[in-house]
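The values are calculated or read from the model by the stated rules, or taken from the named source; none is laboratory data. As the structure is a prediction and not an experimental result, all values here were calculated from the model. Counting neighbours? That spans all protein chains shown, and the Cβs are built from the backbone with ideal geometry, glycine included. Note: areas computed on protein heavy atoms with side chains; ligands, DNA, RNA excluded. Shrake-Rupley method; radii C 1.70, N 1.55, O 1.52, S 1.80 Å.
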Amino acid sequence: MRIRIGILLFLFPLFCVAQHREDAAVLKTILLRYYKTEKPVYKNRSQLLYLYCERANNNEELVEAMQGTKLPPDFKKEIRAKINDATPLDWLAQLEAIYPTEPLLKQKISQCLTLEKYHEVSRRLNLNNQRLMIISKPLYHSKSNIALVKVTFYRNIEHNNGAVLLLEKTGDKWIIKEYLNQWAT
């Protein structure tokens, strides 16, 4: 019994480090895609796309997005089981892991914000072209190299949009394979 507990205690940190790396790689793929056309934030230049610091909780939209897809049935079951995880997490450690290899992203993101801080900045600048990108907690398939992540863009003027991204890992990089359940208001 002690041996089993010892093995679990030894493997848990390894799992956490591997999960952190995967989350950082998924975040990097998403940021490189959506910040591609954004300009770096320098003195006196307005930032138009902000990153929400917290990882959004997943909801039934992921189940809806899986309808009509060819995802493995066991992955669909895993997603249904993991959907209600409300553990609070943020993206700060993953951002710090990405910045050394992508310094331009650091200039484009500048800082991640809470919803309250985003509203404060929006009111102060009084611009309607600013967006807050909200990224959910990635859900990984335990038996293959695929993942689902919901990305939503929030704006004060009610022109919100989003999609569920189906990502696939090839080598050590995650690639966006498909945009599921795209929506806009």
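Annotations for the structure displayed:
- Along principal axes, Cα extents of segment 136-185, largest first, whole Å: 40, 17, 17
- Under a Gaussian network description of the chain, with springs only between Cα atoms under 10 Å, the residue in L148, L71, L165 that fluctuates furthest is L71.
- Zone residues, segment 82-124, relative to N57, backbone N less than 16 Å from point 7 Å out along Cα-to-Cβ: 82-90
- Counting heavy atoms of the protein chains alone, K39 has an accessible area of about 140 Å² for a 1.4 Å probe.
- Structure remark: mean-square fluctuation, Gaussian network model of the chain, C-alpha springs under 10 Å; the largest value among L125, L32, L62 belongs to L125.
- More than 23 Å apart - percent of Cα-Cα pairs taken over segment 14-184: 40 percent
- Alpha-carbon radius of gyration plus Dmax, which is the widest Cα pair, for segment 37-126 in Å: 17.4, 51
- Among S142, S110, S122: highest mean-square fluctuation, GNM of the chain, C-alpha pairs under 10 Å: S142
- Average accessible surface for segment 14-184: 56 Å² per residue, computed with a 1.4 Å probe over protein heavy atoms with every protein chain in place.
- Percent carbon-and-sulfur accessible area, the chain, ignoring ligands, DNA and RNA, probe 1.4 Å: 56 percent
- Under 5 Å between amide hydrogens, built in the peptide plane, is the criterion, and for R131 it picks out L49, Y50 among residues at least 5 positions away or on other chains.
- Computed [θ] at 222 nm, deg cm²/dmol, the chain (DSSP H ≥ 4; -39,500 (n - 2.57); rounded to nearest 500): -12500 deg cm²/dmol
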